[in-house]
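The values are calculated or read from the model by the stated rules, or taken from the named source; none is laboratory data. Bear in mind the structure is a predicted one, so any value in this text is a computation, not a measurement. Glycine gets a Cβ as well: all are built from the backbone with ideal geometry, and neighbour counts include every protein chain shown.
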C-alpha cells in the first residue's frame with residue numbers, strides 16, 4: 001500500500017506480517033512465529049515449528065474461527081506427533 005501525502009511526494013509503504021502465537025495459561029510460556037501471510041500453508045508451518053517447541057510437553061490448542069485459515073475441501077492440516 002502506498003500513500004501520497006500533502007502533495008509533497010511523500011510515499012509511505014506498508015509491509016504486513018502476521019503473528020502466529022501460543023501462550024500457556026499455566027506458566028506463561030509462549031511461542032511466536034512472524035510470517036508474511038495468514039493462510040493454510042503458513043498455519044501448517046506454524047504447527048510444525050510449534051511441535052518442536054518443548055516436545056516433551058502435552059499441548060492443547062483452542063482456535064478461533066479465523067476466516068483466513070479456512071481449509072479447502074482438498075487440503076488438510078497434518079497433525080504431528
- request: Go through the residues of the range 11-34 one by one and say whether even a single one is assigned to a loop (DSSP other than H, G, I, E, B), surrounded by 10 or more Cβ atoms within 10 Å (Cβ to Cβ) and modelled with pLDDT of 90 or more.
  value: yes
message: So in the range 35-54, with the set limited to residues that are modelled with pLDDT under 90 and either more than 15 Å from residue 78 (Cα to Cα) or more than 13 Å from the chain's Cα centre (by Cα) (or both), which one is surrounded by the most Cβ atoms within 10 Å (Cβ to Cβ)?
response: 38
